[in-house]
Amino acid sequence: TLLMDAGSTVVYAAEQITVRPIQIATTSLAIAQLFANDDQVEVTVAGGKLYPRTAAMVGPLTRAALKDLYADLCLMSLAAMDENAGYNLNLEQTRVEQSMMQQADRSVLLMDSGKFGRRSLVKVAPVTDFDQIITDSSVAPHWPTPLGDRLTVASD
């Protein structure tokens with residue numbers, strides 16, 4: 001079972017899923033639409049208020065819906081990361097992502113290398129709360145040091 005946020009990198013990852021059958025719970029309208037006609041994928045959309053920038057469901061209704069869900073894995077993407085924490089742009093979306101992390105056994109962050117070494121408006125979680133951080137091969141060479149074995153650099 002997967003929990004998936006509405007980050008663009010997560011939507012891309014969803015397009016790569018070939019495992020069937022699978023259960024996905026998401027806050028992303030794009031991910032829900034992606035699997036709308038696939039009878040081997042059971043999709044649960046956590047309702048709430050629509051955040052139009054990312055077509056994500058956010059707010060207290062979304063967090064309440066997530067409290068009853070459980071997943072093996074949470075896949076998420078953020079706006080920025082420094083050596084200590086991951087950050088996002090919107091407080092309501094951040095609170096939802098924090099709830100998603102609490103409801104999953106493992107949390108994996110999918111981020112392009114251009115988001116490293118920056119901060120954004122809201123702190124989502126310390127780096128140590130992510131089980132794995134996956135990025136592209138353009139990541140600066142010093143990043144493996146602060147992130148340790150959590151960092152995985154995907155091959156091109």
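The values are calculated or read from the model by the stated rules, or taken from the named source; none is laboratory data. Bear in mind that the values here come from a model prediction, so they are computed numbers and not experimental data. FYI the Cβ positions are ideal-geometry reconstructions off the backbone, even for glycines, and counts take in every protein chain you see. The area values use the complete protein model at the heavy-atom level, side chains included, leaving out ligands, DNA and RNA. Shrake-Rupley method; radii C 1.70, N 1.55, O 1.52, S 1.80 Å.
Brief remarks follow.
- Solvent-accessible area assigned to carbon and sulfur over the chain amounts to 51 percent, based on a 1.4 Å probe.
- Ignoring aspartates and glutamates fewer than eight residues from Lys67 along the same chain, the ones with Cα atoms less than 13 angstrom from its Cα are Glu97.
- Karplus-based coupling profile of segment 124-133, in residue order and whole Hz: 8, 6, x, 3, 5, 7, 9, 6, 8, 10, with θ = phi - 60° in 6.51 cos²θ - 1.76 cosθ + 1.60 and x standing for Gly or Pro.
- Of the residues Tyr87, Met76, Leu121, the one whose Cα sits farthest toward the positive end of the charge dipole of segment 69-123, with +1 on the Cβ of Lys and Arg and -1 on the Cβ of Asp and Glu, is Leu121.
- Calculated [θ] (222 nm, deg cm²/dmol) that DSSP helices of n ≥ 4 give over the chain, each run adding -39,500 (n - 2.57): -6000 deg cm²/dmol
- DSSP-loop trypsin sites (Lys or Arg not before Pro) across segment 93-156, with at most 14 other Cβ within 10 angstrom: Arg118, Arg119
- Phi-derived couplings, Karplus 6.51 cos²θ - 1.76 cosθ + 1.60 at θ = phi - 60°, listed residue by residue for segment 30-38: 5, 5, 4, 5, 4, 9, 4, 10, 9 Hz, with x used for Gly and Pro.
- Note that segment 1-77 carries a Kirkwood radius of 12.3 Å, evaluated over its alpha carbons pair by pair.
- Close amide-amide hydrogen proximity is noted between Ala79 and Tyr87, Asn88, Leu89, each under 5 Å apart and 5 or more residues distant or on a separate chain (H modeled in the peptide plane; Pro and chain starts excluded).
- Using only Cα coordinates, the Kirkwood hydrodynamic radius of segment 107-155 works out to 11.2 Å.
- Legend: Rg and Dmax of the chain, from Cα coordinates, 14.8, 44 Å.
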